[in-house]
Amino acid sequence: MDGIVSSPAARIKSLTRLVQNSGLYPNNPIVNSATTEPVIWVDGRDHLLFCSNNLLGLSNHPDVKATAQKALERYGLGSGGSRQMAANIDVHRALENRIAEFVGQEDAICFAAGYMANVGVIPALMKVDFLQSLARTHLGHKDLHGAETETATGWEIFSEELNHASCVDGVRLAQSKVTKFAHKDMGHLTEALEHSDQPSKLIVSDGVFSMDGDIAPIPEMAKLARDHHAMLMIDDAHGVGMLGDYGRGSLEHLGVSTKDVDLQMGTFTKAFGGVGGYVSGDREIIDFLRISARTYIFSAPLPPAIAAGVTEAIDIAEREPWRREKALENAFYFRREVEAQGYETLGSEAHIVPTLIGDEIKAAEVTRLLRHRGIVAPHARYPAVALGRARIRFVMTCQHERAQIDFLLECLAELRETLAL
Ligand code: PMP
């Protein structure tokens with residue numbers, strides 16, 4: 001066999017077998033009920049669920065379901081094409097207007113998923129100079145902003161090291177120079193900006209970090225962006241609907257004006273209980289994205305029933321602040337108690353509360369033993385987090401009751417003993 005290289009398919013299969021046999025393969029349970037409730041039906045019995053993104057309980061809200069059902073009746077299942085062809089439907093526009101109003105930006109553009117928003121928008125921004133020269137040549141416009149002086153087209157993206165995979169992939173697709181800055185390290189970001197030789201700069205950061213639950217220093221980033229004439233994009237998938245006095249997200253929570261952040265990205269999958277993503281900002285920037293973001297142009301939008309249901313969910317989130325208050329109270333209580341047991345929660349400040357385990361195999365064991373006790377709480381590990389930093393990622397919602405959280409705490413205390421965590 002020496003010198004004979006096995007085929008790619010054989011290598012893929014053999015690696016899959018290896019991971020499966022190691023016990024590390026994610027054998028996610030098949031759930032036979034809605035996963036939007038804190039109690040779900042798995043393997044013929046009830047389990048407590050501590051990883052649902054239905055943070056405000058809106059996925060299963062009667063008014064949300066009724067609105068979606070009405071829209072399903074009226075518009076049918078799919079959208080029938082992309083927004084730029086047949087499917088620029090009134091419910092899509094209504095959702096864009098509603099979310100823009102909710103977060104306090106001029107306009108918004110919706111995508112079929114938050115992931116699609118990030119991988120579409122980040123590379124689209126980098127196309128401005130190319131499209132500008134195209135416009136000059138084909139439309140004969142000499143008066144485009146900066147067109148006579150701005151000859152360089154170079155961009156540099158400054159990307160937070162713990163950004164969500166969708167931001168990372170958006171950055172990769174942009175094919176521009178990239179500098180990764182250390183987690184929440186504004187000294188590092190300042191230095192990188194000062195050393196940049198590129199004329200156009202974009203800073204990209206999560207608002208609430210998805211695997212750690214901590215919050216980015218957005219005021220400092222906004223100042224740096226201003227000082228260095230950089231654009232700033234915040235992925236607030238976990239902040240919008242949850243943080244701030246009115247639930248408008250991390251910016252509101254930290255007292256940052258929406259004027260100081262060029263693009264605020266978010267998803268409808270979490271606080272609003274549906275699916276889909278958006279980016280909000282100044283109208284002309286959003287209009288530019290409609291002609292440059294490939295995941296908007298070349299892909300079908302959200303199903304109309306979802307767009308209508310999510311619009312209803314935003315209304316309820318706005319008028320019922322008790323939902324986010326209860327989710328955050330639950331998180332505060334769980335974090336305090338689990339830390340008292342000696343678990344490390346990685347600086348979590350919001351509804352995402354990780355407990356660091358470290359070793360991947362041990363983390364898989366914790367998930368498995370929790371399942372035995374009737375609790376579904378998956379672990380996050382490489383590549384979602386760094387190797388050796390595996391963790392159980394708990395998400396607290398407004399639907400969890402104190403007794404359910406206490407039972408989880410009891411099980412975690414036992415596991416700490418048995419597994420010497
Ligand atoms: N950004 C962040 C920070 C996320 O956590 C997620 C989803 N986990 C996304 C973007 C992608 O959102 P979606 O699930 O709507 O594709």
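No value in this document is a laboratory result; all are computed from the given coordinates. Keep in mind that what you see is a predicted model, and the values were worked out from it rather than measured. Counting neighbours? That spans all protein chains shown, and the Cβs are built from the backbone with ideal geometry, glycine included.
Points worth noting:
- Descending by average beta-carbon neighbour count within 10 Å, the peptides 390-396, 365-371 line up as 390-396, 365-371, the highest first.
- In sequence order, calculated HN-Hα J values of the stretch 370-384 (Karplus, 6.51, -1.76, 1.60; Hz; x Gly/Pro): 5, 4, 4, 8, x, 10, 9, 8, x, 9, 9, 8, 3, x, 5
- Among Ser250, Ser133, Ser200, the ranking by other beta carbons within 10 Å of each residue's beta carbon, starting with the fewest, stands as Ser133, Ser200, Ser250.
- Degrees between helix 186-195 axis and first principal axis of the chain (Cα, 0 to 90, nearest 10): 30
- Long-range HN-HN contacts of Ala87 with modeled amide H, under 5 Å: Ser82
- Ordering Cys167, Cys110 from the fewest to the most neighbouring beta carbons within 10 Å gives Cys110, Cys167.
- Loop chymotrypsin sites (Phe, Trp or Tyr not before Pro), the stretch 258-331, which have at most 14 other Cβ atoms in a 10 Å radius of their Cβ (DSSP): Phe298
- Distant-in-sequence amide contacts of Lys177, defined by a placed amide H-H separation under 5 Å and a gap of 5 or more residues or a different chain, comprise Trp155, Ile157.
- Note, ³J(HN,Hα) from phi for the stretch 409-416, Karplus 6.51, -1.76, 1.60, rounded to Hz, x at Gly and Pro: 4, 4, 5, 5, 5, 4, 5, 4
- Which listed pairs, of Lys180/Lys259; Lys184/Lys223; Lys180/Lys201; Lys201/Lys223, have C-alpha distances above 21 Å, in listed order: Lys180/Lys259
- Legend: ranking of residues Met116, Met265, Met186, Met85 from fewest to most surrounding C-beta atoms inside 10 Å; resulting order Met85, Met186, Met116, Met265.
- Max-minus-min Cα coordinates of the chain on each principal axis give 72, 63, 49 Å, with the largest extent listed first.
- Full-stretch length increase - Gln84, Thr137 - with 0.36 nm per residue and alpha-carbon distance subtracted: 16.7 nm
- Principal-axis tilt of helix 8-22 within the chain, Cα atoms, nearest 10 degrees: 40
- Cross-link partners of Lys362 among lysines, defined as those whose alpha carbon lies under 26 angstrom from its own and excluding same-chain residues fewer than eight positions apart: Lys13.
- Acute angle (nearest 10 degrees) that the helix 304-319 long axis makes with the longest principal axis of the chain, alpha-carbon atoms: 80
- Centre-to-centre separation between the Cα atoms of the stretch 320-383 and those of the stretch 210-272: 23 Å.
- Close amide H pairs (under 5 Å, H built 1.01 Å from N) link Gly277 with Phe111, Ala112, Ala113, Gly114, Phe268, residues at least 5 positions away or on another chain.
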